[in-house]
Amino acid sequence: MKNGTVLVTGGSRGIGRAIVARLIEDGYEAVNFSRGAPESLLPGETFRSVDLADARAAGEAARELAASRPVLHLVNNAGMIEVAGIEAVTQDALARTMAVNLVAPVVLLQALLPGMRAARHGRVVNIGSRAALGKPGRTAYGASKGALAAMTRTWALELAADGITVNTVAPGPVATELFNASNPPGDPRTRALEAAIPVGRSGLPEEVAHVVAMFMDRRAAFVTGQLIHVCGGVSVG
């Protein structure tokens, strides 16, 4: 593949699946680290079952991948969410959320960083969430995504001199399989939700993938440490 290898976590469904498809279309070989396999592999995709909640296993898998080929592109898409009001948030839930949403991105970047530094080129895109701005029931999830955006800015400053950019894409309501199961198209509650979105509809996974692809491009070398909401205007006011 002309653009080399990209590691995408959680690439088997939803936004992650769209990211894998788009980056393959753009000329990358995609390696998908997820717990479950996609329904079928795309040409140019390799799947590896990895439990991203297990930091040691995730780091070992990424180091093995980096030893087999140059991996200069990383999309930290995998995430978990447990919705609960503050009175119901548990320490175990916080730990589970942080393990996948924060610790895994750290250990994966650490594993790939030597190769990026040697090549003096790298692209890292973290998938955040509009929920980091505040949403009921999202104590653990919102905190993890807010912290991921903060880490993005820190990494951008630390790695800029090595030619490595780090940015965050923060989706709002996006019509993934999971979203549609909870919000059936045409349902009155779904219509009410979409009416509150300035553009008047939910987003598409492909629209998030497009912004990820933009940050991955070599021509985006002057953009780092940034966060873009892909939310139809929900984050504006």
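Cβ separations smaller than 8 Å between residues 6+ apart or across chains give no pair from the stretch 2-18 residues that are free of Cβ contacts under 8 Å to residues at least 40 places away in the same chain and under 7 Å from Tyr28 (Cα atoms) to residues that are of a type in the set (Asp, Glu) and surrounded by fewer than 22 Cβ atoms within 10 Å (Cβ to Cβ).
For the stretch 30-44, which residues satisfy the criterion of being over 15 Å from the mean Cα position of the chain (by Cα) and crowded, with 20+ Cβ neighbours inside 10 Å? Within the stretch 30-44, no residue meets the criteria. Looking across the stretch 171-203, the residues that are of a type in the set (Gly, Ala, Ser) and either in a loop (DSSP other than H, G, I, E, B) or exposed (fewer than 14 other Cβ atoms within 10 Å of the Cβ) (or both) come down to Gly172, Ala175, Ala181, Ser182, Gly186, Ala192, Ala195, Ala196, Gly200, Ser202.
What residue, of Val223, Val199, Val208, Val234, is touching a residue at least 24 places away in the same chain (Cβ under 8 Å) and in contact with a strand residue (DSSP E or B) (Cβ under 6 Å, 6 or more places away or on another chain)? Going through Val223, Val199, Val208, Val234 in turn, the sole match is Val208. As a summary of the residue check, Thr168 satisfies the conditions (1) assigned to a helix (DSSP H, G or I); (2) crowded, with 20+ Cβ neighbours inside 10 Å; (3) hydroxyl-bearing (Ser, Thr, Tyr) except for the one numbered (1). The set of residues in the stretch 134-162 being in contact (Cβ under 8 Å) with a residue 40 or more places away in the chain and either surrounded by fewer than 17 Cβ atoms within 10 Å (Cβ to Cβ) or assigned to a strand (DSSP E or B) (or both) consists of Pro136, Gly137, Arg138, Ala147, Arg153, Leu157, Ala160, Asp162. Within the stretch 60-80, being surrounded by fewer than 19 Cβ atoms within 10 Å (Cβ to Cβ) and not charged (D, E, K, R) holds for Ala67, Ser68, Pro70, Met80. Restricting the stretch 113-133 to residues that are among the basic types (Lys, Arg) and surrounded by fewer than 22 Cβ atoms within 10 Å (Cβ to Cβ), the residue that is nearest to Phe222 (Cα to Cα) is Arg120. Of all the residues that make up the stretch 25-60, how many are of a type in the set (Val, Ile, Thr) and either part of a strand (DSSP E or B) or within 24 Å of Asn180 (Cβ to Cβ) (or both)? The total comes to 2.
Scoring Glu206 on the criteria (1) surrounded by fewer than 21 Cβ atoms within 10 Å (Cβ to Cβ); (2) out of contact with any Lys or Arg (no Cβ under 8 Å at 6 or more places or on another chain); (3) outside any loop (DSSP other than H, G, I, E, B); (4) at pLDDT 95 or above leaves a single failure, condition (2). Would the stretch 183-197 turn up any residue that is farther than 22 Å from Ala111 by Cα and under 15 Å from the mean Cα position of the chain (by Cα)? Checked the stretch 183-197: no residue is farther than 22 Å from Ala111 by Cα and under 15 Å from the mean Cα position of the chain (by Cα).
The values are calculated or read from the model by the stated rules, or taken from the named source; none is laboratory data. The structure presented is a predicted model; accordingly, all values stated were derived computationally and were not measured. Glycine also receives a Cβ, built like all others from the backbone with ideal geometry; neighbour counts cover every protein chain displayed.
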